[in-house]
Every structure is written in C-alpha cells, then in structure tokens.
Amino acid sequence: MLRIGLTGGIGSGKSTVSRLLADRGAVIVDADAIAREVVEPGTPGLAAIVETFGSAVLAADGSLDRPALAAVVFTDPDQRRKLDAIVHPLVRERAIEVAAAAPPDAVLVNDVPLLAETGQEASYDLVVVVVADPETRVARLVHRGLTAEDARARMAVQATDEQRRAIADVVLDNSGTPEQLAEQVERLWAERVAPEVG
Ligand code: ADP
C-alpha cells in the first residue's frame, strides 16, 4: 500500500487532483467527508459536541447546525481547540478503518485540507501539495459560489503555500489550466506512484 497525503489551501484544486487520482484507481479518503460523517445524528461525536457547546448548535431536526457552531468557534481559538479535540481523533480513527479495509496493493489518497496545520506529514509515504496563486484561488471559489470576502477569510486562517511547500515531497502547481494540472498528475503517477505499487 502506498499512502499519499494530499493537501492544499481552499480552492487550490485538491478535490480535482483527488478525482484525477481516483480515475487511475486510487482509493480516496476524504477528511472533510469523514469529518461530516463522525458528527451525524446519533454519533458519539455529535453527543460530545452538544455536551461541550450546548444544544444551541443543533438544528431543529437534531442534526448539527454548522453555521451556529462555526459562529462560536470562528472567533474564539479556545472553542476551536475544544472542537478540534473532539473531531480530529474521530476523523483519524475512521480514516484508519478505511485504510485497513483497502486492498494491500492499493494507492490510498488521504485528502487532508489541514495536513500542514496539524503536522501529520510523517503518516504518509508521499506528501503531495497543490498550490495556486491566492487571487486565482479566490476567483475559483467565487465561481463556486463563495463571496470573495468569505474566500479570503477562510484562506487567512489556513497555512500559507510556503508552509505547505515545506512539508511537500511533490508540489503540483495549479495556477494554469485544468489540462496542465492533469499532465502533472499523470507525471506524478508515472514517476512516483506506479514504481512503488507495480
Ligand atoms: P479544493 O478542493 O482545493 O478546495 P477544488 O478542486 O474544488 O479545490 O477547486 C476549486 C474550484 O476551482 C472548483 O470549482 C474547480 O472546478 C475549479 N478549478 C480547479 N482547478 C482549476 C483550473 N486549473 N482552472 C480552472 N478552474 C479550476
């Protein structure tokens, strides 16, 4: 098994890269999707969140009211740490389960938006970082429906591309066209992935 840690700032093109890798047969472990899964109604994760933040973070149907929770943690680092202390271990545990269920010759791609921020680079055989000019990322996020202000605010609380480059084994530059990105992914697969898994 080859474990790839894939990261990049919001709007850099991680999801696009992960789709291109899935097309080549990689098994994708999406940390954001898992982070949603571990706080679904009825989970110990959601129970722990309600215990810590109160039932004001629940929607009428008993699911997590994400905007309400975001409003609490966005401006308060202590609350943010409390939330991370609940969610991060659950995400890690679930990601380990998914990895354990993959075949031994699998290429496992862990899409981890906050890989650089959480210092998990040693868990992977290969760390792949997707970078793109900040203003290009803002434009793409606006195209995806965010406001420019919201996009910049989210980018501001993440690591910088310099910090991400520092932990990278391979950097994919997605400042160009989708075709240029696809070529880089093809090269990554041919030069770094295929030789490892045969
Ligand atoms: P992330 O997962 O890192 O947030 P995405 O892969 O979702 O980023 O890409 C952000 C947005 O930009 C998506 O709407 C995607 O389709 C678009 N996008 C990605 N790469 C390119 C590119 N090279 N040129 C134009 N648009 C792109």
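General observations
- Some residue of the range 99-107 being open to solvent by less than 40 Å² (accessible area, probe 1.4 Å) and part of a loop (DSSP other than H, G, I, E, B): yes
- When each of Gly9, Gly13 is tested for being assigned by TED's automatic domain parsing to the domain that holds Ser175, within 15 Å of the chain's Cα centre (by Cα) and more than 24 Å from Ala106 (Cα to Cα), the lone residue that passes is Gly9.
- Condition broken by Val142, with the remaining ones in (1) within 14 Å of the ligand (Cβ to nearest atom); (2) within 17 Å of the chain's Cα centre (by Cα); (3) β-branched (Val, Ile, Thr) satisfied: (2)
- Those helices (runs of 4 or more DSSP H) lying entirely in the range 1-87 with at least 2 residues over 18 Å from Val157 (Cα atoms) and within 16 Å of the ligand (Cβ to nearest atom): 14-23, 31-37
- Qualifying residue in the range 44-65 (condition: of a type outside the set (A, V, I, L, M), touching a strand residue (DSSP E or B) at 6+ places or on another chain (Cβ under 8 Å) and buried (at least 19 other Cβ atoms within 10 Å of the Cβ)): no
- All positions within the range 154-179 that are basic (Lys, Arg), modelled with pLDDT of 95 or more and open to solvent by 40 Å² or more (accessible area, probe 1.4 Å): Arg165
Residues are listed down the side, and each one gets a yes or a no for (1) assigned to a loop (DSSP other than H, G, I, E, B); (2) open to solvent by less than 40 Å² (accessible area, probe 1.4 Å); (3) at pLDDT 95 or above; (4) among the basic types (Lys, Arg):
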position	(1), (2), (3), (4)
Val129	no, yes, yes, no
Val142	no, no, yes, no
Arg152	no, no, yes, yes
Leu181	no, yes, yes, no
Val185	no, yes, yes, no
Glu191	no, no, yes, no
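- Top-ranked residue in the range 108-127 [being more than 16 Å from the ligand (Cβ to nearest atom) and not in a loop (DSSP other than H, G, I, E, B); ranked as nearest to Gln184 (Cα to Cα)]: Leu126
The values are calculated or read from the model by the stated rules, or taken from the named source; none is laboratory data. Because the structure is predicted, anything quoted here is derived from the model rather than measured. Methodologically, a virtual Cβ is constructed for each residue, glycine included, from the backbone with ideal geometry; neighbour enumeration extends over all protein chains shown. For the accessible areas, the whole protein counts, side chains as well, though only heavy atoms, and no ligand, DNA or RNA atoms are used. Shrake-Rupley method; radii C 1.70, N 1.55, O 1.52, S 1.80 Å.
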